[in-house]
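Below: the structure, in structure tokens.
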Amino acid sequence: MLPPIPREVYELYGGLRFWERWHVRLRWRLCPFLQIAGHIPAEGRIVDIGCGRGLLANYLALTGPARRVTGIDKQAPRIRAARASMEGRENIRFLLRDALDLEREEFDVIILSDMLHHLAPPAQEQLLGHCFRVLPAGGILLLEDVTPDPKWKWVVHFLIDRTLNLGRKQYFRALGEWVTLLKRIGFSVEHFPAHRGIPLPDFLLKCRK
């Protein structure tokens, strides 16, 4: 698995219930947050869409004081937990907000981490098109998700995600489909494997407007 959650991040969640703190540790272990962070500029306006309890957003704010980090999510309980982790820091905020309400040139970097497979294909395309429209020229979209290959890792992911998200349908695309879609929208695209050391078939797409 990936490295354990950094102490300075985990300590932000000391007020959560035991099972929530357990989930925070597990999510960090299963998500390539450090690889995503390696593509984030040292300064600028960053939004993490579908931020959950704010793990990645908090890490980016803690390690980049010149960054202005916003986490948004549509689930109120997760935003409440994220807001409780802020501890008065001024370079981070968490909003209960729909991603389609993002405004033009509001952010320099948009992150979509492990969330697009929860949206039906038309909603995926709508959100990615909106991200392209609101980014400034040269802006970056970082898309991290899973692909059906390698097969055994996809099966592990499906079982884990289905357990954690009972009743929610999942919509997967092959990596080549994502690349084709993003290029059609107008992005230039680089892609990287992101599943080394974890039993999940993660990939990372770095898309520039």
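The values are calculated or read from the model by the stated rules, or taken from the named source; none is laboratory data. The structure presented is a predicted model; accordingly, all values stated were derived computationally and were not measured. Cβ atoms come from the backbone with ideal geometry, glycine included; neighbour counts cover every protein chain shown. Calculation scope for accessible area: heavy atoms of the full protein, side chains included, ligands and nucleic acids excluded. Shrake-Rupley method; radii C 1.70, N 1.55, O 1.52, S 1.80 Å.
Table for the structure above
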| item | result |
| --- | --- |
| Carbon and sulfur %, accessible surface of the chain computed with the full protein complex present, 1.4 Å | 56 |
| Residue of 194, 82, 123 that the Gaussian network model of the chain assigns the largest fluctuation, springs spanning Cα pairs under 10 Å | 123 |
| Electrostatic dipole magnitude of the chain [Cβ: Lys, Arg +1; Asp, Glu -1; Cα centre; debye, to 20] | 400 |
| Rg/Rg_globular for segment 101-209, with Rg_globular taken as 2.2 N^0.38 Å and Rg from C-alpha atoms | 1.08 |
| With 5 Å bins from 0: P(r) over the chain, alpha-carbon pairs, percent | 1, 7, 16, 20, 22, 18, 11, 4, 0 |
| Most mobile of 126, 75, 35 in a GNM of the chain (Cα contacts under 10 Å) | 126 |
| Solvent-accessible area per residue, Å², over segment 49-170 with all protein chains present [probe radius 1.4 Å] | 46 |
| Largest to smallest accessible area among 59, 13 [probe 1.4 Å] | 59, 13 |
| For residue 106, solvent-accessible area (1.4 Å; no DNA, RNA or ligand), Å² | 40 |
| Charge sum, other residues only, whose C-beta stays under 12 Å from residue 114's C-beta, Lys/Arg counted +1 and Asp/Glu -1 | -4 |
| Under 5 Å, built H, 5+ apart or other chain: amide partners of residue 135 | 105 |
| Under Karplus coefficients 6.51, -1.76 and 1.60, residue-wise ³J(HN,Hα) of segment 129-138 in Hz, glycine/proline x | x, 5, 4, 4, 5, 8, 6, x, 4, x |
| Geometric extent, Cα atoms of segment 1-82 - Rg, Dmax (angstrom) | 12.2, 34 |
| Cleavage-rule hits (trypsin sites (Lys or Arg not before Pro)) in segment 51-148: DSSP loop, at most 12 neighbouring Cβ within 10 angstrom | 74, 104 |
| Neighbourhood charge, 12 Å Cβ-Cβ cut-off, centred on residue 33 and excluding it, Lys, Arg +1 and Asp, Glu -1 | -2 |
